[in-house]
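Working notes for the structure below.
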Amino acid sequence: DPKIIQKPKYLVAVTGSEKILICEQYLGHNAMYWYRQSAKKPLEFMFSYSYQKLMDNQTASSRFQPQSSKKNHLDLQITALKPDDSATYFCASSETGGGTLYFGSGTRLTVL
Amino acid sequence: GDSVTQTEGQVALSEEDFLTIHCNYSASGYPTLFWYVQYPGEGPQLLFRASRDKEKGSSRGFEATYDKGTTSFHLRKASVQESDSAVYYCALSSDSNYQLIWGSGTKLIIKP
């Protein structure tokens, strides 16, 4: 059974709309992350959270907002979607900061 | 700042060929070094890691030795198989940082 669940697997949105990407991990980890992967940037770090607190933010745009309602949840809200946001978004977790990352299978977002 | 350099963007080999993917890093102190592998349609997964000088990491026939003198962690495999076709990422973590530093990735293609 997958230990990191990302929903949905595929997502199509129109420009200007808003979407939420869901991530839950069942590894008992304390740190969670979001990464983005596109043809332009192979693997791009976005955010890291530890015990539901933001640790690092490398995303310039405020349109991307992580939301952590529980220790094992880290959703990603994206507002005012643009075609350039089209990418696969990966959620990951680790036991502690700097530890081995475990990735989900990703949400593939297409913005038309 | 810390950085990881993978010189090969793509490597094409035949089955049973010897594989080397080069990874050099720049970081202070003793970072932990990782190799991750990403198969099509999946998130990256840990191949192995090493935390100290001369430590060898290995998994599934792949291996790499932490070399602080040459700041390298080159990935090698004696005999590649078609199932090894994937993208390989070298990464480092230092001082319990919540952000791994990633190389640009190397796509391994096994020619039929």
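The values are calculated or read from the model by the stated rules, or taken from the named source; none is laboratory data. Note that the structure is a prediction, hence the values are computed from the model and not measured. Glycine also receives a Cβ, built like all others from the backbone with ideal geometry; neighbour counts cover every protein chain displayed. The protein model used for the area step is the full one, side chains on, heavy atoms only, and it has no ligands, DNA or RNA in it. Shrake-Rupley method; radii C 1.70, N 1.55, O 1.52, S 1.80 Å.
Taking all C-alpha pairs of the protein assembly as shown, those more than 31 Å from each other amount to 22 percent. Heavy-atom surface analysis with a 1.4 Å probe gives chain B a carbon and sulfur content of 45 percent of its accessible area.
In the frame of its principal axes, the stretch A:57-108 has Cα extents of 33, 21, 18 Å, reported largest first.
What's the magnitude of the charge dipole for chain A around its Cα centre, counting Lys and Arg as +1 and Asp and Glu as -1 at the beta-carbon? Answer in Debye, nearest 20.
140 debye
Normalising the Debye intensity of the stretch B:1-60 to I(0), with uniform scatterers on Cα atoms only, and taking log10 at q = 0.17, 0.25, 0.27 Å⁻¹ returns -0.77, -1.35, -1.39. For residue A:71, the aspartates and glutamates whose Cα falls under 17 Å of its own Cα, not counting residues fewer than eight places away in the same chain, are A:24, A:56, A:95.
By a 1.4 Å probe calculation restricted to protein chains, residue B:60 has an accessible surface near 120 Å², given to the nearest 10.
In order along the stretch B:60-74, phi translates into HN-Hα couplings of 6, x, 8, 8, 7, 10, 5, 10, 6, x, 9, 6, 9, 8, 6 Hz, rounded to whole numbers, per the Karplus curve 6.51 cos²θ - 1.76 cosθ + 1.60 with θ = phi - 60° and x for Gly and Pro. Across the options B:90, A:110, B:69, the greatest Cα extent toward the positive end of the charge dipole of the protein assembly as shown (unit charges at beta carbon of Lys, Arg, Asp, Glu) belongs to A:110. Inter-chain Cβ neighbour count for A:94-103, averaged per residue, equals 6 (cutoff 10 Å, partner chain atoms only).
Checking the cross-link pairs A:9/A:82; A:41/A:82; A:40/B:68 against a 22 Å limit on the alpha carbon distance flags A:40/B:68 as lying beyond it.
Calculated on the Cα set of chain A, radius of gyration then Dmax: 13.1, 37 Å. Summing Cβ point charges (Lys, Arg +1; Asp, Glu -1) relative to the Cα centre of the stretch B:32-112 gives a dipole of roughly 180 debye.
Relative to one another, the C-alpha centroids of the stretch A:1-79 and the stretch B:51-93 are positioned 28 Å apart.
Per-residue surface analysis assigns residue A:10 an accessible area of about 150 Å², computed on protein heavy atoms at 1.4 Å probe radius.
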